[in-house]
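Data block below; observations after.
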Amino acid sequence: MLDNKIAVVTGAGSGIGRATSLKMAGYGAKIVAVDFNAAAGEETVRLIQEQNGEAVFVQADVSKTEDVQRYVKAAVDAYGRIDIFFNNAGVVQKFSKLADIDENEFDRIMSVNVRGVFLGMKYVLQVMEKQESGTIINTASTAGVKSEHSASAYSASKHAVVGLTKGAAMEYVKKGIRVNGICPGGVETALTKSVEQAFMSGGYVPEEVGNMRMGRYAQPDELAEVVSFLASDRASYMTGSIVLVDGGLTL
């Protein structure tokens, strides 16, 4: 499905990023795994190589221009092109009401979740435009289509990801480039567990926490299948789509 495609994945060291890196490698893609945590990113590469896949690791802070330029250059230097960009790295906020959010915390969320996504798209799109081909999948969230209690900064950041996705899709639709987004709900990752713990320690637990409509969280592999589909030619008529993968959470 993705034979010999070159895929750059940010946040590749854990969760959805790792699962998608492994999944796309299994479908034949060559992976450029990007993560801030070098040990986690290198472990993803090792796991890909164990399944006879091909991957390289690039350590990067996605909010820094020079780091983004470096992982884009590393992909082009290694493989000559970028066919797929899974723009996935993100962080969650420390949960609190809007008036109580520390300004440094707000800046941290926006730096990674919005600036990081913007920078990744900016420099990858320059490569894809020269190729006249490529597909980008941005990770937003159900918080990008509905509000979340005590998470207004996070929600704002994910709404911004949705806006960036739709804007880029419109601008590059005639250039042979597709841009789509996914909105996960609860996913069985360490990040999700930290969210639950944060809600509980803050004294407010939304009714959906621990009570998903399907009776369970998604597995990272289930999100990886959706991303792999969007990255493939099977989704050739999809651009600007914001795909809810939330087990009915937003119904």
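Just so it is clear, none of the values below were taken in a lab; they were calculated from the coordinates. Being a predicted model, the structure only gives us computed values, none of them experimental. When we count neighbours, we look across all protein chains shown, and the Cβ atoms used for this are built from the backbone with ideal geometry, even at glycine.
Using a cutoff of 8 angstrom between alpha carbon atoms and counting only pairs six or more residues apart, the relative contact order for the chain works out to 20 percent.
Taking N as the residue count of segment 16-69, its C-alpha radius of gyration divided by 2.2 N^0.38 Å amounts to 1.10.
Couplings 3J(HN,Hα) for segment 235-251, derived from phi with the Karplus relation 6.51 cos²θ - 1.76 cosθ + 1.60 (θ = phi - 60°), are 9, 4, 9, 10, 8, x, 7, 10, 8, 7, 10, 10, x, x, 4, 8, 5 Hz, where x marks Gly and Pro. The stretch between Lys130 and Leu98 holds 7.3 nm of extra length on full extension. This uses 0.36 nm per residue minus the Cα-Cα distance.
Only Cα pairs under 8 Å and 6+ residues apart enter the sum, and on that basis the relative contact order of segment 46-177 stands at 28 percent. Protection proxy ranking for 50-62, 86-98, using the average of other Cβ atoms within 10 Å per residue and placing the highest first: 86-98, 50-62. Taking amide hydrogens as placed 1.01 Å from N in the peptide plane, the amide H of Val187 sits under 5 Å from those of Ala218, each at least 5 positions away in sequence or on another chain. Over the chain, dividing the summed -39,500 (n - 2.57) contributions of all DSSP H runs of at least 4 residues by the number of residues returns a 222 nm mean residue ellipticity of -14000 deg cm²/dmol. Each residue of segment 3-16 was assigned a 3J(HN,Hα) from its phi angle through the Karplus expression (A = 6.51, B = -1.76, C = 1.60, θ = phi - 60°), giving 3, 6, 6, 9, 10, 9, 10, 8, x, 7, x, 6, x, 5 Hz with x at Gly and Pro.
Shape class of segment 1-94 from the Cα gyration tensor (axes a ≥ b ≥ c, square roots of the eigenvalues): oblate, since a/c reaches 1.5 or more and a/b does not exceed b/c. Within a straight-line Cα-Cα reach of under 30 Å, Lys73 can be paired with the following lysines, leaving aside sequence neighbours fewer than 8 residues apart in one chain: Lys5, Lys23, Lys30, Lys64, Lys122, Lys130, Lys158, Lys166, Lys174, Lys175. Distance between the 7 Å Cα→Cβ label points at Ala38 and Arg234: 3.8 nm.
A Gaussian network model of the chain, with springs between Cα atoms under 10 Å, assigns the largest mean-square fluctuation among Met121, Met110, Met238 to Met238.
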